[in-house]
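Working notes for the structure below.
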Amino acid sequence: MAKQEIEVAGAKRQIKITPFEHHTKYHETDQQGIIHTSNYLNWIEDARMNLMEQMGLSFKQMLDMEITSPVISHSIEYRSQVKFDETIVVDTKLVSYDGHEMEVAYRIYDKVTGEDRAVAKTRHCFMNKSGIPISMKRAYPELDTKFFEFK
């Protein structure tokens, strides 16, 4: 199975997820001309939004339904430096989902060379607009189904 393909449980077909791409900007660099590590969090957030849109669950839709998915935890392991004027690709994968929380894994690599730049994971819960945790299965069964299709 290719990196960008996710198998749907019980299905024979493959659903292709288009990876997120970002062309690095000069303002993202530090004094040494290397992309500052704080930018990686922005990239993985953008990649997660891209994944959600491809799943049919855009952030805008979720916000309109008064659902948020705040970050509970994140980890990033840096493998090699990213510099100005490079294009990086972020592959995303929904690793786990149980209706209350989800975990997303990311692989950040150089588009030209394929060299790994970093791997990351984020964990999120689901809350209503008042900040109260919700069960997607109970509150939004139609959305819950979409998550299980991509897990």
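The values are calculated or read from the model by the stated rules, or taken from the named source; none is laboratory data. These numbers were taken from a predicted model, which means no experiment stands behind them. Here the Cβ positions follow ideal geometry from the backbone for every residue, glycine too, while neighbour counts run over all protein chains shown.
Things worth noting here:
- Members of the range 139-150 that are of a type in the set (D, E, K, R) and either outside any helix (DSSP H, G or I) or without any contact (Cβ under 8 Å) to a residue 12 or more places away in the chain (or both): E142
- Verdict on S135 being of a type outside the set (V, I, T) and touching a strand residue (DSSP E or B) at 6+ places or on another chain (Cβ under 8 Å): no
- Residue in the range 134-143 that is farthest from T92 (Cα to Cα), counting only those that are out of contact with any Phe, Trp or Tyr (no Cβ under 7 Å at 6 or more places or on another chain) and crowded, with 18+ Cβ neighbours inside 10 Å: Y140
- Here K12 fulfils each of the conditions (1) among the charged types (D, E, K, R); (2) surrounded by 11 or more Cβ atoms within 10 Å (Cβ to Cβ); (3) modelled with pLDDT under 95 apart from (2).
- The number of residues in the range 24-44 that are in contact (Cβ under 8 Å) with a residue 60 or more places away in the chain and under 21 Å from K93 (Cα atoms) comes to 3.
- Scanning the range 61-88 for residues that are in contact with a His (Cβ under 8 Å, 6 or more places away or on another chain) and within 21 Å of M49 (Cβ to Cβ) turns up S69, P70, V71, I72, T87, I88.
- Within the range 116-151, the set of residues being over 18 Å from A47 (Cα atoms) and of a type in the set (D, E) comprises E142, D144, E149.
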